[in-house]
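Okay, so here's the structure we're looking at.
Where a number appears in this text, it was derived from the coordinates with a stated rule and is not lab data. Please read these numbers as outputs of a predicted model, since none were measured by experiment. As a convention, Cβ positions derive from the backbone with ideal geometry for all residues, glycine included, and neighbour counts pool all protein chains shown.
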Amino acid sequence: MNKTISYCIALVLFTVMIAGASREVHGEQEASVSRGVIFSALLPGLGQISEGEYFKGGTVIAFEAVTGVVAGHWAREARKNKREFNLFNDSLRFYREKVNDFEGPVPDSLYNSLAQYSILSSRADYQTREARYKSINAIGWMVGGYVFSLLDALESSELVASAHQKDPQTAGLLSAVPGLALGQLYNGSLSKAGLIIMAQASLGLTAFNYHRLMQDASAQYAFMRDTSTVENRLSSEHLSYWKGRYDSAFSKRNTFMWYAAFVYLYSIFDAVVDAHLSDLPEKTKVRPDLALCPGAGVSFSLSFNL
C-alpha cells in the first residue's frame, strides 16, 4: 500500500513537471489544439494541466490514483481469499475421499468435518468473487475518468466543430441510448458527455456485479436449506451468513440501480435542454434601432428575436 501511494505522489509530481516544461516551451500563448488531447491520452489530467486548468487536472489525477489504489487493494484481497479457498478445498477433497473410502457406517464426526470444509470453501469462494468484483468496479471508474479527461481535452481543443442550432428531439432520442451520452456528444458538450458516460457505465457495472453476488448468495442459501445435502447438518450455524450476504448484495444492487436510473434520466433532460438553448446567443442579440420620428427627435428601441 505504501509503495502504491508513493508511486501515485511521484506520478503527480512528474505530471506537474511535464506540464510546466510544456508551458515554458510554448510560452504564455494559446496551446496547440492537439497538445491537450495527446497529453490526456497519455495520462488522464495531464492535458488539463498543460492547458493551465490545474485544479481540474489535479482532480482527475487524484481520482485516477485513488481508484487505482482501490482496484489494487481489492485485487490483492481476491488473491488472498483465493489462497484460502484452495486450502479449504484441499481439506474438502481429503475428507470427501475419506468418506468415500470408509468401510462401514460413516461416523457423524467425519460427516461434520466434510460439511464444515465444504461451507468454508464456499464462503472463501464467495469472498474471492466479491473482492474481484469490487476491483473491477474500481477499474470501471478509473476507465471512466480516462474517458472524461480525453473528451474534456477534446472539447477544450475545439477540434470538433459544432453547428449552432440543435434539434431537441434528436438530442433526446440519442440520449435514450444508455451509457454512451450520444445526446451530449450531438450537442457538442464533450466534457459533460464524459461525466455521463463515466457515471452511467460505472454505476451500471457496479449494480450488475452486486446482482451476481446476490444470485450466488441466494443459491448458497437454498443449497444449505436442502435436507439432502451434508451441509444441511450445519445449516443452523451458517444460514444467517448467506442470508446476510444476500440482503447486503440486494440492497446495494438496488441502490446503484437507482443512481444509474437517475443519471440516465438526467442525461436525457440535459440533452434536450442544451439543444433548446443551442441557438440562444443568436435569439437574444440586442439590436438597437435608430430611426427618425415624423416629428422632431430620434427613437431608440431594443428588439429581442425570441
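Structure above, values below:
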item: Exposure proxy ranking, count of Cβ atoms within 10 Å, fewest first, for Ile61, Ile136, Ile196; result: Ile136, Ile61, Ile196
item: Exposure proxy order (Cβ contacts within 10 Å, fewest to most) of His276, His238; result: His276, His238
item: Region 30-71 versus region 120-146: alpha-carbon centroid distance in Å; result: 26
item: nm² value of the averaged projected area, convex hull over the Cα atoms of region 56-105; result: 4.0
item: Charge tally in the Cβ shell below 14 Å around Asn137, where Lys, Arg are +1 and Asp, Glu are -1, Asn137 excluded; result: +4
item: Within region 62-145, GluC sites (Glu not before Pro) in DSSP loop having at most 13 other beta-carbon neighbours inside 10 Å; result: Glu103
